[in-house]
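Here the structure is laid out as structure tokens; the discussion comes afterwards.
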Amino acid sequence: MQFIDEFKAGRAWGLLTSIDLFDCNPKKIRSAKEIKRYVRELCKLIDMKRYGPTIAIRFGSEERVKGYSMMQLIETSLISGHFAEQTNSAYIDIFSCKYYDPIIAEKFTKKFFEAKRVESYFTIRRMPWARKQKLAEIPNPRDWFFETLELNRGVALAVKGKRIYYKKSPYQTIEVYKTKAFGKMLVLDGVIQLTESDEFAYHEMIVHPALHVHPKPERVLVIGGGDGGAIREIAKHRDVKEIHLCDIDEEVVNAAKKYLPFTAVGFKDKRVKIFHEDGFVFLDGRKNFYDVIIVDSTDPIGPGKTLFGSRFYRLVYDSLKGDGIMINQLESIFYHKEFIGKTVRKIKRIFPKLWYYYTIVPTYPSGMIGFGFASKKYSPLKIRNKKLKGKLKYYSKEIHKAAFALPKFAEKIL
Ligand code: SAM
């Protein structure tokens with residue numbers, strides 16, 4: 001959501017949501033008790049601390065405006081409201097210098113007063129020094145999702161779509177959108193993880209290169225990958241005997257099972273075993289254990305941060321058998337060159353051989369994403385012929401070879 005990024009970037013002084021309700025429940029807007037209950041429940045829902053009592057006084061010089069006016073100080077500013085009895089309408093303002101989700105506030109308010117219609121306006125009030133940027137240019141946040149790229153400021157991806165699921169887990173916010181252009185979309189902490197229309201290109205390419213190179217990939221681990229896409233692809237390999245998935249957040253797996261059947265189908269395979277803990281901790285107890293480890297994590301911000309450090313790569317190395325392969329999500333050579341360079345140096349200090357390859361994913365930053373192919377023994381260009389169970393839409397031997405051919409400007413990063 002665009003607004004949250006203004007707060008993350010420190011440019012927002014506060015967020016004002018003005019909610020106009022029409023055809024409300026006449027009893028509710030005429031009851032001081034109900035209006036005070038609304039304030040209590042709203043503050044709890046959007047995690048605002050009330051400061052002093054809720055004031056609700058009924059007055060009005062002319063019929064048109066007669067009704068209750070409400071005011072509630074909060075530690076991070078103010079909630080106010082005017083309830084016009086003649087037209088059963090209400091005009092509520094929520095202003096806070098602490099971030100809250102304006103859509104959640106709007107939905108709750110409409111439901112509480114049983115309004116038939118709602119019109120809302122969202123305004124970011126900016127820090128004095130922040131660039132003046134007319135928010136009005138930004139399509140209504142109710143119908144659009146924005147990803148302002150965390151690792152590469154100044155670029156946003158806007159996707160028209162409706163949010164159909166929202167959960168704040170102990171690790172991240174989890175959202176599912178139904179989008180016009182890309183079908184269902186999974187978003188974690190405001191970052192697009194996958195969309196129904198192009199996830200195959202990512203999941204086939206994070207899995208099949210390693211499993212077409214390793215001669216006997218019997219035990220394979222995915223760290224992250226809670227959407228199920230990577231294990232759906234691994235399950236296409238008959239020579240894999242055990243598929244382990246370790247995702248720190250069970251709520252992602254639950255959301256995938258409910259809303260993303262096209263990737264969650266992977267969970268049904270009998271060889272799959274799911275663990276929920278930090279991948280960093282999970283590996284510690286498993287030495288010389290896996291043939292292939294695929295790190296399909298979120299970006300190096302939030303819970304994924306621990307999965308991009310030298311100590312983690314050392315744990316992966318020790319957890320792999322003598323001829324093991326690690327594949328890890330390694331961002332975009334167009335947007336994250338320094339980050340990739342730094343990470344490559346870390347991996348090269350631990351693994352004898354490392355390649356970078358990439359795939360095309362229109363909904364990822366710069367439309368592509370890369371992977372590290374870190375190997376104790378095998379070269380990625382010795383590809384085995386294999387008969388798989390199920391179809392492929394992206395991976396082929398030619399694509400495999402081409403993916404390792406880097407553009408001139410990127411050769412140096414290795
Ligand atoms: N395909 C996506 C991408 O490339 O951005 C990532 C897919 S998957 C949804 C990312 C998963 O990594 C999430 O489900 C998240 O819970 C998991 N994750 C993040 N940090 C983790 C950690 N330290 N240990 C295990 N799983 C982690």
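The values are calculated or read from the model by the stated rules, or taken from the named source; none is laboratory data. Computed from a prediction, not measured in an experiment: that's the story for all the values here. Reconstructed Cβ throughout: ideal geometry from the backbone, glycine too, with neighbour counts over all protein chains shown. Just so you know, the surface numbers come from the protein's heavy atoms only, side chains and all, with ligands and any DNA or RNA stripped out. Shrake-Rupley method; radii C 1.70, N 1.55, O 1.52, S 1.80 Å.
Data overview
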read-out: With every protein chain in place, the chain: carbon and sulfur % of accessible area (1.4 Å); value: 56
read-out: Heavy-atom accessible area per residue - the chain, 1.4 Å, Å²; value: 46
read-out: Charge sum, other residues only, whose C-beta stays under 12 Å from residue 400's C-beta, Lys/Arg counted +1 and Asp/Glu -1; value: +3
read-out: Rounded tilt (10° steps) of 32-45 against the dominant C-alpha axis of the chain; value: 20
read-out: Accessible-area value, residue 114, 1.4 Å probe, nucleic acids and ligands omitted, Å²; value: 90
read-out: Equivalent ellipsoid, the chain (semi-axes from 5 times Cα gyration tensor eigenvalues, Å); value: 50, 21, 19
read-out: Among 69, 31, 375, residue whose mean-square fluctuation peaks in a GNM of the chain (springs only between Cα atoms under 10 Å); value: 31
read-out: Separation between Cα centres of the stretch 298-329 and the stretch 28-89, rounded to whole Å; value: 52
read-out: Cα pair count fraction exceeding 20 Å, expressed as % - the stretch 199-413; value: 54
read-out: Base-10 log of normalised Debye intensity for the stretch 184-309 (one unit scatterer per alpha-carbon) at q = 0.14, 0.21 Å⁻¹; value: -0.56, -1.31
read-out: All aspartates and glutamates inside 18 Å of residue 397 as judged from Cα atoms, apart from same-chain residues fewer than 8 positions distant; value: 204, 233
read-out: Added length on full extension, which subtracts the Cα-Cα distance from 0.36 nm per residue, residue 63 to residue 289; value: 73.6 nm
read-out: Equivalent ellipsoid semi-axes, the stretch 208-273, via Cα gyration tensor eigenvalues times 5, rooted, Å; value: 21, 11, 10
read-out: Exceeding the 27 Å Cα-Cα cut-off - candidates 36/160; 107/180; 8/346; 273/342; 268/377; 337/391; value: 36/160; 8/346; 273/342; 268/377; 337/391
read-out: In sequence order, calculated HN-Hα J values of the stretch 284-297 (Karplus, 6.51, -1.76, 1.60; Hz; x Gly/Pro); value: 3, x, 10, 8, 6, 10, 10, 8, 9, 10, 10, 9, 10, 9
read-out: Proportion of all alpha-carbon pairs of the stretch 2-138 beyond 27 Å (%); value: 22
read-out: Relative contact order (percent, whole number), the chain, Cα cutoff 8 Å, 6+ residue spacing; value: 12
read-out: Accessible surface of residue 54 - all protein chains present, 1.4 Å probe, nearest 10 Å²; value: 20
